[in-house]
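Following: one structure in structure tokens, then a few remarks.
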Amino acid sequence: MRLFIAVLLPDEVKEGLSGWQSWLKDSGADVRWVRSENIHLTLKFLGETAGDKIETINKCLEQVVAGYDAFQLRISGIGVFPDLKRARVLWAGISEGTESAGRISRDIDTKLAQCGFPAENRLFKAHLTIGRFRTAKTGKLQEYFKADKPGFSWQAKEIVLMQSILQPAGPVYNRLAGWTLAQR
């Protein structure tokens, strides 16, 4: 099973990002757009994982999430990874809540490493993937980075374990479990 741990977005934020995607299509960049229902904030990508490990993952996540309150997230700005000359991922940036998201991501990584899962070797960068480049063609995308766009905010109230099933038309995501963050 291909698994990841994430914060999901409310429908109104997904709709707003879908509007950004429509606007960005005029840039001329050669991008395969992420379906708006699949946009999420990844906290930890587990990759291919045996089904019998899910119970262990659930116990580890339950312990981590118990120590966290819900937190505010705000999306503003767009960019690419790794850079414009070698663009592979088009993302929407997180401008508020990065510290909270980073802290919970590190704690999840640490706890899962204690449970036998590989630790992440890259720094966590809070972002939402909205597209993946098919080719290096970025068109006029750099001009769009500077444009004023409405931001979107929401409260992260839950951490979820998701399964990603890869299909020719794009991945299909199934929610396997969720843990509510404290409301204090």
Residue pairs within 8 Å by beta carbon, gap of at least six or interchain, first lying in segment 166-184 and within 24 Å of S100 (Cα to Cα) and modelled with pLDDT of 95 or more, second among the charged types (D, E, K, R) and part of a strand (DSSP E or B), listed first then second, are G178/E158; W179/E158; T180/E158; L181/D69; L181/E158
For V80, indicate whether it is closer than 15 Å to L41 by Cβ, in contact (Cβ under 8 Å) with a residue 24 or more places away in the chain and of a type in the set (V, I, T). no
Taking into account only those residues within segment 1-27 that are of a type in the set (G, A, S) and either loosely packed, with under 13 Cβ neighbours inside 10 Å or without any contact (Cβ under 8 Å) to a residue 60 or more places away in the chain (or both), which is farthest from A70 (Cα to Cα)? S22
Note on segment 130-157: residues assigned to a strand (DSSP E or B) and farther than 19 Å from S36 by Cβ are Q155
Which fully enclosed strands (runs of 3 or more DSSP E) of segment 1-119 have 1 or more residues being in contact with a Ser or Thr (Cβ under 6 Å, 6 or more places away or on another chain)? 2-8, 40-48, 71-81, 89-96
Pairs, first over 16 Å from Q163 (Cβ atoms) in segment 44-64, second modelled with pLDDT under 95 and of a type outside the set (D, E), C-beta under 7 Å, six or more apart: C60/C115
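The values are calculated or read from the model by the stated rules, or taken from the named source; none is laboratory data. Nothing here was measured: the structure is a model prediction, and the numbers come from that model. So basically every Cβ, Gly included, is an ideal-geometry build from the backbone, and we count neighbours across all protein chains shown.
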